[in-house]
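Participant: Pasting in a structure now, in structure tokens, and then I'll have a few things to ask.
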Amino acid sequence: MKWKIPLFDLDYNKQEISAVTSVLKRRWLTMGEKVEEFESKFARFVKAKYAVALSSGTAALHLALKSLDLKAGDEVLVPSITFVASVNAVLYCSAKPVFVDSTSLNDFNISVTELEKKISSKTRGIIVVHYGGFLADMDKITRLTRKYDLFVIEDSAHSIGTKSGSKMAGTLGEIGCFSFFSNKNLATGEGGMAVTDNEKLAKRIRLMRSHGMTTPTWERFKAVAFDYDIVDLGYNYRMTEIGAALGLEQLKKLISNNRKRKALSKIYIDYLSGVEQISIPFKNHPRDSSHHLFPILLNKKIDRRSFMQKLKRKGIQTSIHYLPVHKFSYYRKNYPQKPGNLPFSEEIGKREVSLPLHPRMTKEDVLYICQQVKKLIG
Ligand SMILES: Cc1ncc(COP(=O)(O)O)c(C=O)c1O
């Protein structure tokens, strides 16, 4: 399918091509110098002491939880309006995810009021997702986690570049987890990063990303070391040099691309505000955003499927962020929820549609989409 306006698009040009070509010419493909450079530039960008490059955002979440010694029987508070990986990572550690509702139909982020209600003696921490890049209420969340001595892991998959005062999303809790999946603001195909100011946690994540091995292949290649020991149960969650080279180029464009996303979102808001059949969540969000997504909420009476189908016929790709995790068959079977436990999440899951948003879009693209939306439901 060739879309007139796809939901997302890569902002790749000759810089990315030559970065990859130069890696290929150097003939070292797995974790080496480029990965080290990407880690140090990314750490500087988010103002974190340590950054560990990984094979995906999911790997970052998994190792973040492992490094905090999450165990069977522990509970972790999670949103339901998120990508399933935020919750799966808790299950990888044999711990129990406890779903918490969204704040409202206007703010899909985890509700601070509901969070406090769900804290039990088994609660170890919270996974906060800054939905669509919109910063969650971290001041209130931090107050809560201090009061109950809980950890915060930020799932910052959407919020690369989102600010919180002088700090950045991903550095407001114990560990921040980023994803560089193809559709993200910084895209390398697959890839992720865990950031922290805690040396012990960084060391543990670094160790577990490569089988719990004391010396990486790169150091043995450089003849810094000849043998190794296995001192922890680890995984293969390494990033490639190709991914890191792409990440370094994408990082250079991030601030200006996030600015473009913001300007495009503003045009959407200007043209769609006042259309009766839809509402625009986060329209007056009081905190920063990297504008990863542009979500709208359809009126209850509108058939979402047919709305998306009709936009498809006009060449406009749309998506749903998200079907609530607790509604998926696997979760319904293993973690059934009482009816009415997560009312906002369920409503968002039924009525949300994401419109295209990426830095290669033009004002005319946004106007075309707004025109088609209005024609359909105006
Ligand atoms: C909110 C959220 N969390 C986690 C992930 C997982 O990241 P990855 O696909 O890099 O494993 C994603 C990616 O789509 C995401 O959107």
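Participant: For segment 2-35, name all the residues that are hydroxyl-bearing (Ser, Thr, Tyr) and either at pLDDT below 95 or assigned to a strand (DSSP E or B) (or both). Give the derivation first.
Facilitator: First, the residues of segment 2-35 that are hydroxyl-bearing (Ser, Thr, Tyr): 12, 18, 21-22, 30.
The answer is Thr30, and nothing else.
Participant: So if I check each of Ser86, Ser94, which one is within 16 Å of the ligand (Cβ to nearest atom), polar (S, T, N, Q) and either assigned to a helix (DSSP H, G or I) or within 21 Å of Asn334 (Cβ to Cβ) (or both)? Step through it out loud before you land on a result.
Facilitator: Values: Ser94 fails: within 16 Å of the ligand (Cβ to nearest atom).
Exactly one residue qualifies, and that residue is Ser86.
Participant: A further question on this structure: So for segment 99-114 (the condition being free of Cβ contacts under 8 Å to residues at least 60 places away in the same chain, within 13 Å of the ligand (Cβ to nearest atom) and either assigned to a strand (DSSP E or B) or not charged (D, E, K, R) (or both)), does at least one residue qualify?
Facilitator: yes
Participant: Scan (1) touching an Asp or Glu at 6+ places or on another chain (Cβ under 6 Å); (2) within 16 Å of the ligand (Cβ to nearest atom); (3) under 26 Å from Ile205 (Cα atoms); (4) among the hydrophobic types (A, V, I, L, M, F, W, C) for the single condition Leu77 breaks and write down its number.
Facilitator: Condition (1) is where Leu77 drops out.
Participant: Given the conditions (1) more than 16 Å from the ligand (Cβ to nearest atom); (2) modelled with pLDDT of 95 or more; (3) closer than 26 Å to Pro359 by Cβ; (4) more than 16 Å from the chain's Cα centre (by Cα), and given that Phe38 satisfies all but one, which numbered condition is not satisfied?
Facilitator: (1)
Participant: Continuing with the same structure: Take the residues of segment 27-50 that are in contact (Cβ under 8 Å) with a residue 24 or more places away in the chain and of a type in the set (Lys, Arg): which is surrounded by the most Cβ atoms within 10 Å (Cβ to Cβ)?
Facilitator: Lys34
Participant: Of the residues in segment 170-201, how many are away from the ligand (no atom under 11 Å from the Cβ) and part of a strand (DSSP E or B)?
Facilitator: So the answer is 5.
Participant: Here is a list: Phe344, Phe294. Which entry is touching a residue at least 60 places away in the same chain (Cβ under 8 Å), among the hydrophobic types (A, V, I, L, M, F, W, C), crowded, with 20+ Cβ neighbours inside 10 Å and farther than 24 Å from Lys2 by Cβ? Don't jump to the end; show me each part of the working.
Facilitator: Details: Phe294 fails: farther than 24 Å from Lys2 by Cβ.
Going through Phe344, Phe294 in turn, the sole match is Phe344.
Participant: Hey, among Ile296, Ile255, Ile302, Ile267, which residue is part of a loop (DSSP other than H, G, I, E, B) and farther than 26 Å from Val90 by Cβ? So that I can check it myself, show each step before the final result.
Facilitator: Numbers: Ile296 fails: part of a loop (DSSP other than H, G, I, E, B); Ile255 fails: part of a loop (DSSP other than H, G, I, E, B); Ile267 fails: part of a loop (DSSP other than H, G, I, E, B).
The unique qualifying residue is Ile302.
Participant: Checking Met208 against (1) within 14 Å of the ligand (Cβ to nearest atom); (2) surrounded by 21 or more Cβ atoms within 10 Å (Cβ to Cβ); (3) of a type outside the set (Phe, Trp, Tyr), which single condition isn't satisfied?
Facilitator: Tallying (1) within 14 Å of the ligand (Cβ to nearest atom); (2) surrounded by 21 or more Cβ atoms within 10 Å (Cβ to Cβ); (3) of a type outside the set (Phe, Trp, Tyr), Met208 fails exactly one: (1).
The values are calculated or read from the model by the stated rules, or taken from the named source; none is laboratory data. Keep in mind the model is a prediction, meaning the values are calculated, not measured. Note that we place each Cβ from the backbone using ideal geometry, even for glycine, and neighbour counts take in every protein chain shown.
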